[in-house]
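Each reported figure results from applying straightforward, stated rules to the coordinates on display, with no laboratory input. In this text the structure is predicted, and so the values were computed from the model without any measurement. Here the Cβ is made from the backbone with ideal geometry for all residues, glycine too, and neighbour counts use every protein chain on show.
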Amino acid sequence: MTAGRIDQLTEAQRACLRLVLTHHNSKEIAAIFGVSPSAIDKRIERAIQVLGVGTRFEAARRLQEHERGTAIDAVPSRKAAPPDEPVATYERLPSEPIDVPIPAPKPSNDTQIEPWGFVRRFLGLAGDSGSVGAARNRFSMGDRLVRLIALMGLIAITSMALVNLAMTLTSLLRSNRDSTAPIHGTATTTPMGRTTMLKQRRDATDTVTTEFLKAEAAIDHAAMLAASCVSTLLQQRVAANLPLGTGAAALQMVSQASFDMINARQRFVEAHRALVDVRHEIGLGQFYGYGDTAQCPPNEGALPAATSVRLAAVA
Amino acid sequence: MDRVWLFYTIQVAASGYALLRGGAPERLTGLALLLAAVSTGIVQRNIPILFAGLEAGVMIVDLLLLVVMIVITLKADRFWPAWATALHALGTGAHLIRAISPDVIRLVNAVLSAAWSYPIVLLLVIGTVRHSRRIRARGWDLDWSRQDPTLR
C-alpha cells in the first residue's frame with residue numbers, strides 16, 4: 001500500500017516520526033537532534049505529505065506498522081520508550097538542508113542486486129516464495145538415483161521388446177503378402193524335405209552372400225595392393241637414387257588407379273549394407289538378426305583374407 | 001524437414017507454458033530443453049563442415065542437458081523429472097552407441113534418437129499442469145524438497 005511511499009522517507013524523517021510516536025513534541029525532538037524546531041516541523045510535515053496522511057501521529061503509526069510488519073492497535077505509552085534510545089542510534093547530522101526524498105526505493109534485505117535477484121527467483125532459491133509445507137517427494141538423493149537407474153532399465157527393456165515385436169510383426173506380414181507357403185513359427189525349424197518358398201530364399205541369400213563376400217575381399221585386397229604399389233614406387237625411386245621426375249606419369253596413373261580402387265571398394269561396402277536390407281525385405285530378418293551372423297561380425301568384416309599381405313610401406 | 005519445425009513449435013510452446021506457469025523445476029527444465037533444442041539445431045547446421053564434429057557437438061549438448069536434468073531429479077520436489085531424465089539418458093546412450101558403432105540396428109537407432117524428445121516435452125507439460133493445479137488448490141507448492149525443514 002503505502003510501502004512504496006514509506007520508502008521515500010529520509011532517515012531523518014523516520015527518526016523524527018519514531019520520536020513522534022513516543023509522544024515527543026517538536027521542541028524535544030529538536031533538542032535531541034541539535035537542530036531547530038522549525039527544521040523538525042518541516043521534516044514531519046514533509047513526511048505527512050509523502051505518506052498522504054492527516055496528522056503526524058498517523059504518519060508515525062504508518063512507519064511503525066511498516067517497520068514491524070504487523071498492524072498495531074494501540075499507541076504505545078510514552079514512558080515505555082527510553083528517551084535516550086534515539087540519541088544512541090542516530091548520529092547528530094552536521095548540516096540539515098531541505099529534506100530531499102530519496103529518489104529510488106532503498107534496497108531492502110530480501111531483494112538482492114537486481115540481476116542475481118532475478119536468477120534466484122527463477123531458480124526458486126529466493127527464500128521469499130512463501131511456499132511452506134511438507135515435501136511430496138521424500139526420497140533421499142541416493143534413493144532417487146537408484147530409482148532413476150531402475151526406471152532407465154525398465155524403459156529400455158520395454159521399448160526394445162516393443163520394437164522387436166513390431167519388427168517381427170512387420171516381417172510376418174510381409175511374408176504373408178506373397179502367400180505361397182506360410183512361414184514356420186520358430187527360427188530353428190528346418191525345412192520339411194519339400195522346397196518351400198522360404199528355403200528358396202534362404203538358398204539364394206546364402207549363395208549371393210558367399211559370392212559377394214568373395215568379391216568384396218578381392219576388391220579390398222586389390223585396393224590394398226594398388227595403394228602399396230604407389231608407396232613402393234615412391235620409396236624405390238629414392239632407394240635407387242633416381243631423379244625426382246622419374247616415372248612421374250606412371251606414378252600418377254597408378255595413384256589414380258589406386259584412388260579408383262578405393263572408390264570401388266567403398267561401393268562394395270555400401271552394397272554390403274544395402275544387401276543386408278534386402279535380406280530383411282524378403283522376409284528373412286528374423287533368421288539372420290540385424291547383421292549379426294557368422295558372416296557379418298559387428299565390424300562388418302569380410303571373410304578373412306586367404307593370405308596375409310605384408311605391405312611394403314611398413315617394412 | 002517439416003517434422004523438425006513441428007518439434008520446434010511444440011518445444012517452444014511447452015517451454016513457454018512451463019516458464020509462465022511452472023514452479024522452479026518446471027521453469028528450469030523448460031529453459032534447459034529449449035536451449036538444448038536450439039543448440040542442437042545450431043550444431044547440426046554445420047553438417048557439411050565436419051562430420052566428427054557434429055557427433056561431438058550433439059553429444060556435448062546431450063550430456064549437459066543430462067547433467068541438468070539429473071540435478072533436478074535429485075533435488076526437486078517432483079516425480080516427473082525422473083521419467084524425463086530416464087528417457088533422455090536412454091536417448092543420449094543411443095547417440096553414444098551410434099557414435100561407437102555406426103551401423104548397429106539402424107532402424108532402431110533412428111527410432112531411439114528422434115522419439116525420445118516428444119515424451120520428455122509431454123512430461124514437462126504434464127508436470128506444469130499438475131503444479132498449477134496444486135497452486136490453485138492449496139496456494140503453495142514446494143520447489144525443492146530440502147525446502148521442507150522436516151526433511152533435512
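With a Förster radius of 45 Å, plug the Cβ-Cβ distance of A:Asn241 and A:Arg273 into 1/(1 + (r/R0)^6) and report the FRET value to the nearest 0.05.
Step by step, r from the Cβ atoms, then E = 0.45.
Can you compute 3J(HN,Hα) from phi for each residue in the range B:8-17, using the Karplus curve 6.51 cos²θ - 1.76 cosθ + 1.60 with θ = phi - 60°, rounded to whole Hz and x for Gly and Pro?
4, 4, 4, 5, 5, 4, 5, 5, x, 4
Hey, how much of the P(r) for the range A:15-69 falls beyond 19 Å, as a percent of Cα pairs?
The answer is 21 percent, as a whole percent.
Tell me the label-point distance for the pair B:Arg21, B:Ala115, using the 7 Å Cα-to-Cβ offset, in nm and rounded to one decimal.
Simple spin-label model gives 2.9 nm for this pair.
Amide H to amide H, which residues 5 or more places from B:Trp144 or on other chains are under 5 Å from it, using H placed in the peptide plane?
So B:Trp144 has HN proximity to B:Asp77.
What Kirkwood radius, in Å to one decimal, follows from the Cα pairs of the range A:7-46? It would help to have the intermediate numbers written out before the result.
Numbers: mean 1/r = 0.1022 Å⁻¹.
It is 9.8 Å.
Can you give me the distance in nm between label points at A:Lys27 and B:Val67, each placed 7 Å from the Cα along the Cα-to-Cβ direction?
Taking the simple label geometry, A:Lys27 and B:Val67 are separated by 7.3 nm.
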